[in-house]
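Okay, so here's the structure we're looking at.
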Amino acid sequence: MFAHVQIGVNDLATMCRFYDEVLAHFGLRRAIDLQHVGPAGIYWRLPGRRWPQFVIGTPFNGEAASCGNGSQVSFLAPSRDVVDAAWKTALANGAVDQGAPGLRPRYALDFYAAYCLDPEGHKLCFVHTLAQRPARGS
């Protein structure tokens with residue numbers, strides 16, 4: 001299990017608004033006010049829990065943030081409806097479609113997912129599976 005996933009962003013305010021809207025579908029709430037951002041950035045988490053966290057921030061080295069080719073952040077959804085809603089919300093808030101909601105049997109027979117690029121180009125996946133079990137070949 002991870003403690004947090006962090007991505008670098010250039011426009012903190014815009015990306016904060018984007019993730020406020022999208023991450024609400026997963027029960028994640030922002031824990032830092034935009035006016036009080038420290039060196040760790042802005043993070044979202046489940047109410048009452050410290051970990052795991054999703055974090056955005058400007059790069060520590062002061063250079064422009066960039067996206068990693070082949071990198072993806074995936075959010076586990078409690079239902080297919082949440083996958084659909086998160087994807088629609090993301091697109092309505094500036095994301096670019098990278099794959100409409102649907103089954104992806106090449107990963108697992110119950111792998112229902114949607115893909116997009118956030119407003120700065122980070123690839124996101126919203127996924128629901130019927131059971132928490134290893135995929136084929138695992």
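Taken together, the values in this text are just the output of simple stated rules run on the coordinates, not laboratory data. Because the structure is a prediction, the values reported are computed rather than measured. Glycine gets a Cβ as well: all are built from the backbone with ideal geometry, and neighbour counts include every protein chain shown.
Table for the structure above
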| read-out | value |
| --- | --- |
| Gain upon complete extension [residue 129, residue 81; 0.36 nm per residue less C-alpha separation] | 16.1 nm |
| Contact order relative to length of the chain, as percent, for alpha carbon pairs under 8 angstrom and 6 or more apart | 23 percent |
| For the range 19-88, diffusion coefficient by Stokes-Einstein and Kirkwood Rh (Cα), 20 °C, 1.002 mPa s, µm²/s | 156 µm²/s |
| Loop-resident sites, the range 43-138, for trypsin sites (Lys or Arg not before Pro), counting at most 11 other Cβ within 10 Å (DSSP) | 49, 50, 106, 136 |
| Total charge dipole magnitude, the chain, about the Cα centre, Cβ charges on Lys, Arg, Asp, Glu only, Debye to nearest 20 | 580 debye |
| Helix 12-23 vs. the chain, principal-axis angle (Cα, 0 to 90°, nearest 10) | 30 degrees |
| Loop-resident sites, the range 1-68, for chymotrypsin sites (Phe, Trp or Tyr not before Pro), counting at most 15 other Cβ within 10 Å (DSSP) | 2, 60 |
| The range 4-138: radius of gyration over Cα atoms, expressed as a fraction of 2.2 N^0.38 Å | 1.06 |
| Degrees between helix 80-92 axis and first principal axis of the chain (Cα, 0 to 90, nearest 10) | 40 degrees |
| Cα lying deepest toward the dipole's positive end in the chain, options 34, 122, 62, charges on Cβ | 122 |
| Over the range 1-71, relative contact order from alpha-carbon pairs under 8 Å, at least 6 apart, % | 40 percent |
| Residue 72-residue 91 pseudo-label distance in nm [points 7 Å out on the Cα-to-Cβ vector] | 1.8 nm |
| Antiparallel DSSP beta bridges within the range 4-138, as percent of all bridges there, nearest 5 | 65 percent |
